[in-house]
1. What do you reckon, is B:SER92 in contact with a Ser or Thr (Cβ under 8 Å, 6 or more places away or on another chain) and closer than 15 Å to B:TYR139 by Cα?
2. Hey, does segment A:80-94 have a residue that's away from chain B (no Cβ under 14 Å) and more than 21 Å from B:ARG149 (Cα to Cα)?
3. Would you be able to say whether some residue in segment A:117-125 is part of a helix (DSSP H, G or I) and under 19 Å from B:GLN148 (Cα atoms)?
4. Could you tell me which of the residues B:GLY57, B:GLY28, B:GLY113 is open to solvent by less than 50 Å² (accessible area, probe 1.4 Å) and at positive phi?
5. Kindly indicate the residue of segment B:143-163 that is in contact with a Cys (Cβ under 7 Å, 6 or more places away or on another chain) and open to solvent by 30 Å² or more (accessible area, probe 1.4 Å) and also farthest from B:ALA16 (Cα to Cα) among those meeting that condition.
6. Tell me, which residue of segment B:1-17 that is in contact (Cβ under 8 Å) with a residue 60 or more places away in the chain and open to solvent by 50 Å² or more (accessible area, probe 1.4 Å) is nearest to the other protein chains (Cβ to nearest Cβ)?
7. Quickly run through segment B:116-142 and pick out the residues that are surrounded by 13 or more Cβ atoms within 10 Å (Cβ to Cβ) and over 30 Å from A:PHE66 (Cα atoms).
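The values are calculated or read from the model by the stated rules, or taken from the named source; none is laboratory data. Nothing here was measured: the structure is a model prediction, and the numbers come from that model. Here the Cβ positions follow ideal geometry from the backbone for every residue, glycine too, while neighbour counts run over all protein chains shown. Note: accessible area is taken over every heavy atom of the protein model, side chains too, but ligands, DNA and RNA are not part of it. Shrake-Rupley method; radii C 1.70, N 1.55, O 1.52, S 1.80 Å.
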Amino acid sequence: MITLTPEQTAAADRFIDEQHGRLGRLGESLFEAFRYDENKKRVSAQVRNLQQIVCSATRFADIEDFVKNQMGKGTASARQWQQVGDTVLENLKLLRQKAAGIVDESPDAQHAVRLRLARSWVRAVVSEYLYRIACAEMEKRHA
Amino acid sequence: MLSPEVLSDTEFAEQAALAVDSYVTEHGCPKTVTRAQIYGLLHVAKNQPTSVKQFAGHQKQRAEKRNDEDQRLFWVCVEQLCDGSPPRTPWSLQQCAERSMPPELHGEDVAPGEKLSLEQRQRRSEVKKARQRWLFAWYNEHYPQFFQRFCAHYLYRLGMKGD
């Protein structure tokens with residue numbers, strides 16, 4: 001894997017920071033679509049799988065394929081994914097465009113930036129999703 | 001030359017989506033091109049990459065016998081993505097492989113009527129064999145990646161159609 005320059009890393013991190021509002025809304029959408037296991041206090045397996053694929057992917061397009069495959073299955077989880085999947089794909093498209101803007105001369109560096117953006121993106125989105133779970137739990141306790 | 005990861009991430013992702021969108025725009029997602037068939041295509045691409053075209057040809061023949069034109073055209077699309085040529089097929093895996101191939105494996109053109117020495121003929125034969133070995137290795141590495149993108153995008157279009 002290619003090593004990014006400090007400037008490229010900073011640009012990627014700054015972009016994710018600037019997208020805070022959008023990512024928060026997506027995290028909320030994930031909560032609305034997938035909820036969580038209230039009895040066992042477990043996060044949705046779909047959200048966990050998304051996080052896992054993003055953190056382990058060596059190709060950005062593998063993340064996109066994961067979402068598309070989930071949306072295309074004829075299962076109950078596919079209907080959940082269809083609620084948020086297009087928004088997730090639009091987010092990923094934006095990350096692709098941003099990576100091309102941060103690095104325009106090296107396809108390998110662009111690839112590395114895409115993956116860095118994706119990992120920062122999923123951290124922000126899942127953080128909001130987890131926060132929504134915490135809010136739901138607090139509401140239940142105070143009810 | 002792009003690394004396999006970058007090629008898969010960029011050109012393959014783009015071309016796979018274009019091919020699926022083009023087919024779906026013209027034919028929709030026919031009921032007869034089922035998830036099982038897509039998973040079958042993906043299985044062949046991952047486990048027997050160099051057999052994808054043969055698999056597609058077989059599926060095409062079965063569709064012809066059933067007079068299922070939409071399904072036949074789907075498998076024609078897959079065949080063209082394997083080794084189609086311009087102008088009918090602006091992009092295919094074979095064209096991509098040829099562009100990626102090291103220059104020394106392209107071989108030299110021989111003028112009509114030109115006689116080659118024994119050494120030259122042997123050299124051409126060696127280059128041809130090296131080219132075939134290179135292509136075989138390239139196809140084995142890249143077919144699974146491309147058809148992963150293709151199948152994922154088709155399933156996505158199928159899912160959004162509501163089937």
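1. yes
2. There is no residue in segment A:80-94 that is away from chain B (no Cβ under 14 Å) and more than 21 Å from B:ARG149 (Cα to Cα).
3. no
4. After ruling out the rest, the residue left standing is B:GLY28.
5. At the first step, the residues of segment B:143-163 found to be in contact with a Cys (Cβ under 7 Å, 6 or more places away or on another chain) are B:157-158, B:161, B:163.
Imposing the further condition that a residue be open to solvent by 30 Å² or more (accessible area, probe 1.4 Å) reduces the set to B:157, B:161, B:163.
On the way: B:ARG157: 12, B:LYS161: 18, B:ASP163: 21 Å.
Residue satisfying both the conditions and the ranking: B:ASP163.
6. Restricting attention to segment B:1-17, the residues satisfying the condition of being in contact (Cβ under 8 Å) with a residue 60 or more places away in the chain are B:1-2, B:4, B:7-8, B:11-13, B:15-17.
Narrowing the set further to residues that are open to solvent by 50 Å² or more (accessible area, probe 1.4 Å) leaves B:1-2.
Details: B:MET1: 10, B:LEU2: 6 Å.
So, considering only residues that are in contact (Cβ under 8 Å) with a residue 60 or more places away in the chain and open to solvent by 50 Å² or more (accessible area, probe 1.4 Å), the one nearest to the other protein chains (Cβ to nearest Cβ) is B:LEU2.
7. B:GLN120, B:ARG123, B:ARG124, B:VAL127, B:ALA130, B:ARG131, B:TRP134
Results for (1) crowded, with 23+ Cβ neighbours inside 10 Å; (2) over 23 Å from B:GLU14 (Cβ atoms); (3) out of contact with any strand residue (DSSP E or B) (no Cβ under 6 Å at 6 or more places or on another chain); (4) not basic (Lys, Arg), shown as yes or no for each residue.
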{"position": "A:GLN46", "(1), (2), (3), (4)": "no, yes, yes, yes"}
{"position": "A:CYS55", "(1), (2), (3), (4)": "no, yes, yes, yes"}
{"position": "A:THR87", "(1), (2), (3), (4)": "no, no, yes, yes"}
{"position": "A:ALA100", "(1), (2), (3), (4)": "no, no, yes, yes"}
{"position": "A:ASP108", "(1), (2), (3), (4)": "no, no, yes, yes"}
{"position": "A:VAL113", "(1), (2), (3), (4)": "yes, no, yes, yes"}
{"position": "A:TRP121", "(1), (2), (3), (4)": "yes, no, yes, yes"}
{"position": "A:VAL125", "(1), (2), (3), (4)": "yes, yes, yes, yes"}
{"position": "A:LEU130", "(1), (2), (3), (4)": "no, yes, yes, yes"}
